[in-house]
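Colleague: Take a look at the following structure, please.
The values are calculated or read from the model by the stated rules, or taken from the named source; none is laboratory data. What you see is a predicted model; the values in this text were computed from it and never measured. Here the Cβ positions follow ideal geometry from the backbone for every residue, glycine too, while neighbour counts run over all protein chains shown.
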Amino acid sequence: MMPETTGPGTVGVRIARRGAPILAVALDVPLSEQDLALAETLRGLPVWLKVGLELFTAEGPTLARRLVERRFPLFLDLKFHDIPNTVQGATRSATLLGARMTTLHVCGGEAMCRAAVAGREEGLDLRRKKAFQDRRLPESGPLLMGITVLTSDAGREEDLRAAVVERALTAKSCGLDGVVCSGREAAAVKAACGGDFLCLCPGIRFDGFAGGDDQARICTPTQAVRAGADFLVMGRPVIGTANPAEAAAAALKEMELASRTT
Ligand code: C5P
């Protein structure tokens, strides 16, 4: 276990850096009871749970709150993109909800990204006040991860990489903690922004995946880890199987092996 380090561009936000990257499992299913059962099958594995647009739109913050109450690390992936004042309020709310990580579109602009950082600070200030003290909430605010180019977008690799790096530099200059990119761009992001600037990579597929879904810029867990990813996100390859815990464990094992041999 590596020591806790302060995340880049953050004020008062501490993140636990580990030897191996972290796996976030996307709970992309619509029903809350089903989700809690699914979450419970993953208990005991060192994974974060991602609540995204499908589940949040179905259940609102209720299920996210229940996950935090049950001490699951919550990744709230709502991809904020709005006027600065609204995004500031959204990251303030995500902080009060107890999310460990949340996302916003870098193309929302610099003012919006800076407002997201300010919203987190406001949320932390509010939480320090008695009314919001709750031992179940993580002490830090959520990591703020800027979405660069969605992993479902295809195109010329060099053009996509250049666009991702440009947005990553913007995200860094605004004080975000890292970006969402494919594993194919993670090494370029690290080279441009520094090793401490975090990369979260969706579009992860096990070796042998036959293709045919909406993700375009895919990587195996090994490739993503070797490229420097700090977080991997997996939805369908885990929750779409008969045994999600087994699939998550297989991904974790592959990640661990890749990080030991990288
Ligand atoms: O099922 P799959 O593994 O493709 O799920 C990927 C998850 O990551 C989805 O919940 C999707 O919303 C999310 N995501 C993504 N690309 C981004 C940001 C988030 O695929 N750029």
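Colleague: Are any residues in segment 73-89 surrounded by fewer than 23 Cβ atoms within 10 Å (Cβ to Cβ), within 16 Å of the ligand (Cβ to nearest atom) and among the hydrophobic types (A, V, I, L, M, F, W, C), and if so, which ones?
Modeller: Of everything in segment 73-89, just one residue is surrounded by fewer than 23 Cβ atoms within 10 Å (Cβ to Cβ), within 16 Å of the ligand (Cβ to nearest atom) and among the hydrophobic types (A, V, I, L, M, F, W, C), namely LEU78.
Colleague: Sort out which residues of segment 77-103 are in contact with a His (Cβ under 9 Å, 6 or more places away or on another chain) and of a type outside the set (A, V, I, L, M), and write them in order of number.
Modeller: So the first thing to find is which residues in segment 77-103 are in contact with a His (Cβ under 9 Å, 6 or more places away or on another chain), and the list is 79-81, 87.
Residues satisfying the conditions are LYS79, PHE80, HIS81.
Colleague: Related question: Take PHE231 and tell me if it is within 12 Å of the ligand (Cβ to nearest atom), touching a residue at least 40 places away in the same chain (Cβ under 8 Å) and surrounded by fewer than 18 Cβ atoms within 10 Å (Cβ to Cβ). I'd like the intermediate steps shown before the answer.
Modeller: On the way: within 12 Å of the ligand (Cβ to nearest atom): yes; touching a residue at least 40 places away in the same chain (Cβ under 8 Å): yes; surrounded by fewer than 18 Cβ atoms within 10 Å (Cβ to Cβ): no.
Here the answer is no, as PHE231 does not meet what is asked.
Colleague: Quick one: which of ALA116, ALA131, ALA111, ALA171 is at pLDDT below 95 and within 23 Å of ALA90 (Cβ to Cβ)?
Modeller: Only one candidate passes the filter, namely ALA131.
Colleague: Could you say which residue among ILE204, ILE218 is at pLDDT 95 or above and on the phi < 0 side of the Ramachandran plot? Break it down stepwise before answering.
Modeller: Details: ILE218 fails: at pLDDT 95 or above.
Among ILE204, ILE218, only ILE204 is at pLDDT 95 or above and on the phi < 0 side of the Ramachandran plot.
Colleague: Now for a separate question. Search segment 162-217 for residues being of a type in the set (S, T, N, Q) and more than 13 Å from the ligand (Cβ to nearest atom), and hand back the single one that is surrounded by the most Cβ atoms within 10 Å (Cβ to Cβ).
Modeller: Of the residues in segment 162-217, the ones of a type in the set (S, T, N, Q) are 170, 173, 182, 215.
Still in the list and also more than 13 Å from the ligand (Cβ to nearest atom): 170, 173.
Values: THR170: 18, SER173: 13.
The residue in question is THR170.
Colleague: Let me ask something else about it. Could you tell me whether ALA24 is closer than 24 Å to CYS201 by Cβ, more than 11 Å from the ligand (Cβ to nearest atom) and surrounded by 16 or more Cβ atoms within 10 Å (Cβ to Cβ)?
Modeller: Values: closer than 24 Å to CYS201 by Cβ: yes; more than 11 Å from the ligand (Cβ to nearest atom): no; surrounded by 16 or more Cβ atoms within 10 Å (Cβ to Cβ): yes.
Spelling it out, it is not the case that ALA24 is closer than 24 Å to CYS201 by Cβ, more than 11 Å from the ligand (Cβ to nearest atom) and surrounded by 16 or more Cβ atoms within 10 Å (Cβ to Cβ).
Colleague: For GLY155, all conditions in the list (1) in a helix (DSSP H, G or I); (2) modelled with pLDDT under 95; (3) among the small types (Gly, Ala, Ser) hold save one; what is the number of the exception?
Modeller: For GLY155, the failing item is (1).
Colleague: Could you list all residues from segment 238-251 that are surrounded by fewer than 21 Cβ atoms within 10 Å (Cβ to Cβ) and within 9 Å of the ligand (Cβ to nearest atom)?
Modeller: Result: ILE239, GLY240.
Colleague: Can you name every residue in segment 50-69 that is more than 9 Å from the ligand (Cβ to nearest atom), acidic (Asp, Glu) and more than 19 Å from GLY141 (Cα to Cα)?
Modeller: Scanning segment 50-69 gives a single hit, GLU59.
Colleague: Something else now. Among helices (runs of 4 or more DSSP H) lying entirely in segment 12-125, which contain 2 or more residues that are within 18 Å of ALA248 (Cβ to Cβ) and of a type outside the set (Val, Ile, Thr)? Break it down into steps so the answer makes sense when it comes.
Modeller: Numbers: elements: 32-41, 53-59, 61-69, 84-97.
Hits in segment 12-125: 32-41.
Colleague: If you don't mind, there's one more thing I want to ask. How about segment 195-236: which of its residues are under 16 Å from MET255 (Cβ atoms) and among the charged types (D, E, K, R)?
Modeller: Matches in segment 195-236: ARG205, ASP207, ARG226, ASP230.
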